[in-house]
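Working notes, structure below.
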Amino acid sequence: MSVTAIEDPLRKQYRAAFVTNPRRAAHLSDGNVALLCIDVQYLDAAEGWGLFKDPETSGVPEEGRRYYFDRLKKLVLPGMRRLQDAFRSSGLEVIHCRICALTKDGRDRGAGHRRLNLLAAPGSKEADFLDEVAPVGDEIIINKTASGVFSCTNLHYVLGNLGIRTVYLVGVYTNECVETTARDACDLGYFVTVVEDACATVNELLHDASLATMRDRYARISSVDEVLRDLNQITEASTGGIITRKG
């Protein structure tokens, strides 16, 4: 299912500023890029846990649950892992964002998460990442209690310390945490790529509508294979086959 194209009179200007801007390629060649993996955890991405512990009260109809978990299993998780492995082998940052409170009772949560009764307590199964795409070694983990990771954490400060200027986004939900993070990142001056086949939400229409809103406005919309080709081209041109990040 695809969303009907709507003519955007400012597409050319936005595309030149955020998508085809040559600085994007320069950031990649310099290694000033990171893969942000968003909320792929037991709270919201595992059957029988968290939001889906009781399917009948999850708020997502059976058709939506089947679509979501089938997409995760067959497409999103394998694609995420391919990207993670490629970023790691190229010496690039893989950063993991998750919903996780500071306190067991979640009193530190954002107002929106409190209203939704959304809680992943520290040390809980709901806060654990799915094994297939879990952090490796000392990869950075950012805990958040709101939809967008930039508004409620020190991620912008951390990326600044790392010299990161371009971010690639994967994870869930496309139309909530992924889109909010993409918009915020763009406003903060990052070049943003949303990897469409490494993201998911609870129905195809919401997924496609979210991508249509972001495309050539706040983010470049790419596939896993397209991102891997970008990485391969830069890696092959780099000394020793490894991208050297500037400190």
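Some values worked out for this structure:
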| quantity | calculated |
| --- | --- |
| Under 21 Å, Cα to Cα: Lys pairs in the chain, sequence gap 8 or more or different chains | 7 |
| Over the chain: helical MRE at 222 nm, DSSP H runs n ≥ 4 each giving -39500 (n - 2.57), nearest 500 | -10000 deg cm²/dmol |
| Label-point gap, in nm, between Asp108 and Ala134 - each point 7 angstrom along Cα→Cβ | 2.3 nm |
| Beta bridge orientation in segment 22-234: antiparallel %, DSSP, nearest 5 | 5 percent |
| Gained length - Asp225 relative to Arg66, 0.36 nm times residue gap less alpha-carbon distance | 54.7 nm |
| Segment 46-119 shape via C-alpha gyration tensor axes, a/c threshold 1.5 | oblate |
| Debye intensity ratio I(q)/I(0), log10, segment 109-247, q values 0.11, 0.16, 0.19, 0.20 Å⁻¹ (C-alpha model) | -0.47, -1.02, -1.39, -1.49 |
| Stretch in the chain that is longest and holds no GluC sites (Glu not before Pro) that DSSP places in a loop and that have at most 16 other beta carbons within 10 Å | 140-247 |
| For segment 130-185 versus segment 187-235, the gap between their alpha-carbon centres in whole angstrom | 14 Å |
| Summed residue charge, Cβ within 9 Å of Phe191's Cβ, Lys/Arg positive, Asp/Glu negative | +4 |
| Cα gyration tensor category, rounded, prolate or oblate, for the chain with a/c compared to 1.5 | prolate |
| Positive-end residue of Phe18, Asn117, Gly171, charge dipole of the chain with Cβ unit charges | Phe18 |
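Read-outs: derived from the displayed coordinates by stated rules, not from any lab. Note that the coordinates shown come from a computational prediction; the quantities given were computed from them, not determined experimentally. With ideal geometry, Cβ positions are generated from the backbone for all residues, glycine too; neighbour counts draw on all protein chains shown.
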